[in-house]
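> This is the structure I have questions about; it appears just below.
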Amino acid sequence: MHSTSPSSRTAALRINDPDEQARQNRRSRLIGAILIVGTIAIAVSLVATGGFGSKTGTAPPVSHSDVTVGFGAQTATDDPAAIGVDESTYGTPSDIHDPAAQALLKKLGVGYARIALTLAVPADPNSRITCAASGCDTTIDPVTWVQMMDAAREAPIVQIPDSLSAADAAAIVRQFAVTVGTRKPVVGWVIGNEPNGSNESASAYDANFNTLYDAMKKADPSIAIGGPATLGFDQPFLQQFLQQCGSRADFVDFHFYPAHETASQLLAEPPAMTRDLATLRAMINATVPSRASSIAIHLGEWNFSADPGTLGQYAYTGFASVLDADLLGRILSAGADSLAWGSKNGPLSLLYGAVYPGDPVTAPAGYKSDTPMPLYEAIGMFTGQGLFPRFGTKIVSAVSARPGIDAFASADPDEIVLVNTNAKAERVTVRAEGDSTRAAVIWQLHQIGALPRPPVKKGTATSAAGIFKLDLPADSVTTMVLTPLTKQQK
């Protein structure tokens with residue numbers, strides 16, 4: 001449903017395989033069938049509120065709340081490594097040769113990190129393993145790459161072509177199945193990459209998946225294997241995958257790259273992605289009910305757009321951080337795993353870097369290699385970047401009645417992330433359900449210049465009944481870290 005046309009996708013999204021050109025010449029726009037219908041309940045109470053940006057304070061009683069969070073109403077459970085990235089590392093130097101990039105990745109605190117690997121000589125299981133992504137440095141030993149990921153506390157996920165033989169796939173798995181020095185075993189594997197984008201039929205892909213899956217599990221029974229990593233939410237392809245491979249697959253993967261050019265079109269995409277995630281979960285439940293609870297969902301690649309014109313207009317702005325934070329919040333709220341694209345990839349980056357050596361610099365003045373991008377800062381509003389606690393794995397009910405204000409919340413730690421997608425400032429009332437006196441440390445991301453900045457601590461507010469009034473700038477992300485008043489953070 002949300003794939004990108006070949007003219008809109010950058011070279012950074014290519015994988016080195018024989019069908020690459022076909023992938024660039026096909027657009028998948030398939031529509032999910034199941035819509036989510038919900039009922040919003042707004043609590044009414046008369047309480048005192050804390051002043052935004054102050055250490056303590058009170059305000060006149062309020063009779064409504066714009067955002068209601070039920071920390072006792074868990075709606076999903078996330079994988080501890082759910083906030084992840086794709087290590088495209090097309091920029092120069094590659095991350096493993098770049099201590100600054102390594103330090104920034106470690107500071108961001110992501111979980112899963114995906115790389116693409118293959119054999120240097122296909123059909124020779126004894127040949128050297130190399131990276132498979134177009135533009136990557138094939139001279140780098142992938143073992144070194146995985147060691148860097150381990151040092152950054154990332155959890156590597158390896159993607160391999162589904163065109164490999166069973167012997168080739170098993171050989172790659174065996175090389176990463178044990179602890180070697182400081183390198184831990186790789187436990188996550190993806191078979192194939194956007195097969196629907198290269199005119200590979202679902203039946204052909206599924207047959208390859210099952211053959212490779214069996215060989216890889218025999219080589220290392222402890223690993224988790226998923227697919228088909230479709231280009232966009234290709235519902236028929238995913239449905240057939242579940243029917244033919246659902247008895248095996250440990251997770252189902254699809255990619256999300258809107259191609260729209262206007263701000264209003266881009267803002268319509270996050271709700272569409274939520275519908276796709278719900279549709280896929282319903283498909284899993286209906287197709288393989290006996291093991292549905294053990295099948296995860298991965299957004300194996302995503303970004304707010306892959307259209308060069310759209311990226312050129314928005315990728316370096318605060319609007320991008322708003323879109324990215326909103327998409328990430330929705331992925332986590334669905335109990336899915338997020339792997340945002342990519343580490344150094346021009347405008348599709350966590351850390352700025354030209355796609356290929358010698359590429360012209362098109363970023364705004366002030367950007368240089370390893371400058372954190374708006375995507376980096378958006379993800380940091382959930383990971384905390386070492387400034388505040390990481391968003392929890394217990395997802396709880398968060399309902400917004402204010403148009404343009406999206407809310408996401410976790411328990412243990414109790415955190416609320418508010419995304420103001422409106423082009424104007426908003427003053428909102430947030431109710432954290434419960435009767436204990438609360439303190440909330442407020443962190444905010446609001447890019448007004450050419451360069452993004454880390455989150456800023458705006459202060460601490462207190463409330464006798466968990467109701468707070470906050471000022472949200474236009475195009476901003478705000479994280480509230482809540483504690484009992486006795487544990488108020490300094």
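> Could you size up the charge dipole of the chain around its Cα centre, putting +1 on the beta carbon of Lys and Arg and -1 on that of Asp and Glu, and report it in debye to the nearest 20?
Working: 37 positive and 45 negative charges, 263 e Å.
Around 1260 debye, computed over the chain.
> To two decimal places, what compactness ratio does the chain give when its Cα radius of gyration is scaled by 2.2 N^0.38 Å?
Details: Rg = 22.3 Å, N = 490, 2.2 N^0.38 = 23.2 Å.
Against the empirical 2.2 N^0.38 Å value, I get 0.96 for the chain.
> Using only Cα atoms, figure out Rg for region 165-319 and give it as a multiple of 2.2 N^0.38 Å.
Values: Rg = 17.5 Å, N = 155, 2.2 N^0.38 = 15.0 Å.
Normalised by 2.2 N^0.38 Å, the Cα Rg of region 165-319 equals 1.17.
> Add +1 for every Lys or Arg and -1 for every Asp or Glu among the other residues with Cβ under 14 Å from the Cβ of VAL180, and state the total.
Working: positive: ARG174, ARG183, LYS184; negative: ASP141, ASP150, ASP220.
Summing Lys and Arg as +1 and Asp and Glu as -1 gives 0.
> Taking the convex hull of the alpha carbon atoms in region 291-445, what volume per residue do you get, in Å³? Write down the numbers at each step before the final one.
Numbers: hull volume 23.9 nm³, N = 155.
Output value, Cα hull per residue: 154 Å³.
> Let me ask another. Taking each pair of distinct Cα atoms in region 356-465 once, what is the resulting Kirkwood hydrodynamic radius in Å? Could you put the intermediate results ahead of the total?
Values: mean 1/r = 0.0616 Å⁻¹.
This gives a value of 16.2 Å.
> Further question on the same structure: Sum -39500 (n - 2.57) across every DSSP H segment of at least 4 residues in the chain, then divide by the residue count to get the 222 nm mean residue ellipticity, nearest 500.
Numbers: 10 runs with 122 residues, N = 490.
Value at 222 nm, helices only: -8000 deg cm²/dmol.
> Give me the tail of P(r) for region 338-389 as a percent: Cα-Cα pairs with distance above 18 Å. Before the final figure, lay out each step's value.
Numbers: 438 of 1326 pairs.
In whole percent, the share of Cα-Cα pairs in region 338-389 beyond 18 Å is 33.
> Note the full-extension length gain between ALA401 and ASN199 as 0.36 nm times their separation in residues minus their Cα-Cα distance, in nm to one decimal. Intermediate values should be presented prior to the final figure.
Values: separation 202, 0.36 × 202 = 72.72 nm, distance 4.32 nm.
That works out to 68.4 nm of additional length.
> PRO271: net charge of surrounding residues, Cβ under 12 Å, Lys/Arg +1, Asp/Glu -1, itself excluded? Numbers along the way, then the final one.
Details: positive: ARG275, ARG330; negative: GLU269, ASP276, ASP326, ASP406.
With Lys, Arg at +1 and Asp, Glu at -1, the net is -2.
> Quote the charge dipole size of region 104-166 about the Cα centre in Debye, to the nearest 20; the model charges only the Cβ of Lys and Arg (+1) and of Asp and Glu (-1). Could you put the intermediate results ahead of the total?
Numbers: 5 positive and 6 negative charges, 60 e Å.
About 280 debye.
> Show me 273-284, 453-464 ranked by packing, highest mean number of other Cβ atoms within 10 Å first.
Working: 273-284: 20.6, 453-464: 18.3.
My ranking of the peptides, most packed first, is 273-284, 453-464.
> Region 144-220 to region 337-353: how many Å between their Cα centroids?
21
> Using amide H atoms built in the peptide plane, which far-off residues or other-chain residues are under 5 Å from HIS298 H to H?
Residues meeting the amide H criterion: VAL252, ASP253, PHE254, ASP337.
Read the figures in this text as sums done on the coordinates, not as results from a lab. A quick note: this is a predicted structure, and the numbers were derived from the prediction, not measured. Virtual Cβ from ideal backbone geometry, glycine too; neighbours counted across all protein chains shown.
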